[in-house]
Structures are given as C-alpha cells and as structure tokens.
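Structure first, then comments.
The values are calculated or read from the model by the stated rules, or taken from the named source; none is laboratory data. Just so we're clear, the structure is a prediction, and the values are computed from it rather than from any experiment. Positions of Cβ are generated from backbone atoms using ideal geometry, with glycine treated the same way; all protein chains shown enter the neighbour counts. Note: accessible area is taken over every heavy atom of the protein model, side chains too, but ligands, DNA and RNA are not part of it. Shrake-Rupley method; radii C 1.70, N 1.55, O 1.52, S 1.80 Å.
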Amino acid sequence: MARAGVTPQLLSSTHRFKCPKCGREFSLFQSRAIACRSCPKATQNCKYVRCVHCDTEFPINGFVVNTKEKEAFLANYMNGIVGNYHGSFGYKRK
C-alpha cells in the first residue's frame, strides 16, 4: 500500500466513523468536503469534525484520534488536502 501512496493519515481520513448523535456514518474527507465546504477554518488546521448528516460538530481528538499530537497532525494533513482541492478547482478564500 505504501508504494501506491496510501499513508496512515490517508487511511484515518477515509475511515468511516459513526456520529454519536445521529448514528449515521461518514468520513473525515466527507466532513471537510461537504459539511465544512463554506467554512474558512476548513483550510486552517481545524481540529473539529462535522457530521454530514446532522451537522453536529465534534473535536477530532477522541473521535478520530486519541492524542493531541495526532490531532494536530491530522488537522494539518486535512488542511493540505482541502487546500489542494480548492486550488485545483478555483476556489478562492475571501
């Protein structure tokens, strides 16, 4: 998998999580791409994840990862992914 470019961070961000409030599943990628698409913090190392179904927000730490270091690393990783996506498709922050 490493030769194909699959990293532990990529696996963490595509893993499906169950929302503690509504019980439906979503991934961190879906959260950033759908629920957070109009939020300027989506590309500023945001340390939260938002359910794409019920719009409830949770901290990444404790929901996706279990340490502050992993939280910061994953938030920065998603910042790069979302920033690249916006740059590729012409999205400009105001």
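Of all residues in the stretch 48-69, exactly one satisfies the criterion of being charged (D, E, K, R), surrounded by fewer than 17 Cβ atoms within 10 Å (Cβ to Cβ) and in contact (Cβ under 8 Å) with a residue 12 or more places away in the chain, namely D55.
Scanning the stretch 70-80 for residues being open to solvent by less than 30 Å² (accessible area, probe 1.4 Å) and over 17 Å from Q30 (Cα atoms) gives a total of 1.
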